[in-house]
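Since the structure comes first, as structure tokens, the remarks are kept for the end.
The values are calculated or read from the model by the stated rules, or taken from the named source; none is laboratory data. Values in this document were obtained by computation on a predicted structure and should not be read as measured data. When we count neighbours, we look across all protein chains shown, and the Cβ atoms used for this are built from the backbone with ideal geometry, even at glycine.
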Amino acid sequence: MKIIKCKTPDEIALLCANKILNLLKNKNDAILGLATGSTPVKTYRKLIELSKQDNVSFKNVKTFNLDEYINYKNEIDSYKYFMYDNLFKHIDIDLNNTHFPNEMLLDKYDDQIEKAGGVDLQILGIGANGHIAFNEPNTPFDSKTHVVGLSQKTIEDNARFFNSIDEVPTSAITMGLATIMKSKEIILIATGKNKADAINKLINEKPSLLCPASILQNHPNVTIYVDDDSASLL
Ligand code: GLP
């Protein structure tokens, strides 16, 4: 596992956007695994800006998102809308090439990813309790795409994106830990003090179901990007 310490979230965004761009310059039909949450937004903004500057096209790119809420009240609360708003509408990607897990597909989502050729580069954030995608603590390491009930901690953490905590969906569908581990390369971004404990466990403790992200220690090509705050317990 490679660890890159940056001073600020902006510095991380620049490095990660360039990493994605370099992949696309070498492979214009690359398959990207995408994450939602506030953390990757800066990377997506930089990616939009730099791809315009360098004339990099997303026409042949395919994307597979990590997760999606179940039973969201308004379309704009969905991760599909989040991705459209924060990335897809700003680039020339064909929306037919963008994929999200849903209840009908379940672990057929894993087959879909595999048939497409597998994820070349997976972008991850991390939950304060060490979850990746919506794989909460105690998710089996061999899990494929599945439905999950969200922990109270995750519901509270994600309430900031909704009008009130009562509107936060209580379940979601997520790539499993085994699905994520199949990616050829993974980058995980963590910023802010509330991620410091999870980052410390991910990097310094033995892989354990209690910190789902710790499974990444077993992957051959992972880079963790941390800022001063999220690295404060290292
Ligand atoms: C959600 C998403 C995760 C994300 C996490 C952290 O639970 N399902 O993929 O990593 O939130 O979000 P944030 O980046 O907003 O802290």
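Which number in (1) within 11 Å of the ligand (Cβ to nearest atom); (2) more than 22 Å from Leu209 (Cβ to Cβ); (3) out of contact with any Ser or Thr (no Cβ under 6 Å at 6 or more places or on another chain) marks the one condition that Phe82 misses?
So the condition that Phe82 fails would be (3).
Looking at (1) over 16 Å from the mean Cα position of the chain (by Cα); (2) within 26 Å of Ile199 (Cβ to Cβ), find the lone condition where Gly127 falls short.
Failed condition: (1).
Looking at this structure, is Ile70 in contact (Cβ under 8 Å) with a residue 24 or more places away in the chain, of a type outside the set (Asp, Glu) and out of contact with any helix residue (DSSP H, G or I) (no Cβ under 8 Å at 6 or more places or on another chain)?
yes
Pick out the one residue from Gly127, Gly149 that is in contact (Cβ under 8 Å) with a residue 24 or more places away in the chain and either more than 21 Å from Thr191 (Cβ to Cβ) or surrounded by 17 or more Cβ atoms within 10 Å (Cβ to Cβ) (or both).
Among Gly127, Gly149, only Gly127 is in contact (Cβ under 8 Å) with a residue 24 or more places away in the chain and either more than 21 Å from Thr191 (Cβ to Cβ) or surrounded by 17 or more Cβ atoms within 10 Å (Cβ to Cβ) (or both).
Being small (Gly, Ala, Ser) and either in contact with a His (Cβ under 6 Å, 6 or more places away or on another chain) or within 13 Å of the ligand (Cβ to nearest atom) (or both) is the filter; apply it to region 150-165 and report the residue that is modelled with the lowest pLDDT.
Ser151
Here are some residues: Ile224, Ile186, Ile203, Ile180. Which one is among the hydrophobic types (A, V, I, L, M, F, W, C), crowded, with 21+ Cβ neighbours inside 10 Å and farther than 19 Å from Thr139 by Cβ?
Among Ile224, Ile186, Ile203, Ile180, only Ile224 is among the hydrophobic types (A, V, I, L, M, F, W, C), crowded, with 21+ Cβ neighbours inside 10 Å and farther than 19 Å from Thr139 by Cβ.
Can you tell me which of (1) buried (at least 20 other Cβ atoms within 10 Å of the Cβ); (2) of a type in the set (Lys, Arg); (3) touching a residue at least 40 places away in the same chain (Cβ under 8 Å) is the one Lys27 doesn't meet?
(1)
Every residue, every condition in (1) within 18 Å of the chain's Cα centre (by Cα); (2) not acidic (Asp, Glu), yes or no:
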position	(1), (2)
Ile155	yes, yes
Phe162	no, yes
Asp166	no, no
Thr170	no, yes
Ser183	yes, yes
Gly192	yes, yes
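Taking the options Leu216, Leu188, name whichever one is touching a helix residue (DSSP H, G or I) at 6+ places or on another chain (Cβ under 8 Å) and within 23 Å of Phe82 (Cα to Cα).
None of the other options fit; the residue is Leu188.
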